[in-house]
């Protein structure tokens with residue numbers, strides 16, 4: 001199963017982590033909320049799967065390009081195609 005790093009697109013401060021390590025996430029679900037430029041910006045999972053690692057905690061300052069979480073996707077490659085595990 002593919003391991004996907006979630007990387008910050010903007011610098012800011014972590015203000016919420018709505019998903020616990022070990023929890024399942026859906027494609028597009030908020031994994032972390034970052035405060036940047038006086039706004040709260042959700043950072044979403046790019047794929048469905050399990051949040052296996054949260055590399056930040058609330059009040060951490062994060063930089064653009066910094067990895068913040070790891071999701072193991074429930075999709076797997078079958079003959080060059082992607083299929084969701086049921």
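For segment 3-84, dividing the convex hull volume of the Cα atoms by the residue count gives 82 Å³ per residue.
Once the Cα-Cα distance is subtracted from the 0.36 nm per residue extended length, the residue 20 to residue 63 segment shows a gain of 13.3 nm.
Stretched out straight at 0.36 nm per residue, the stretch from residue 50 to residue 27 would grow longer than its current Cα-Cα span by 7.2 nm.
Throughout, read-outs are computed from the coordinates displayed, never taken from laboratory work. It should be emphasised that the depicted structure is a prediction, and the values quoted were computed from it without experimental measurement.
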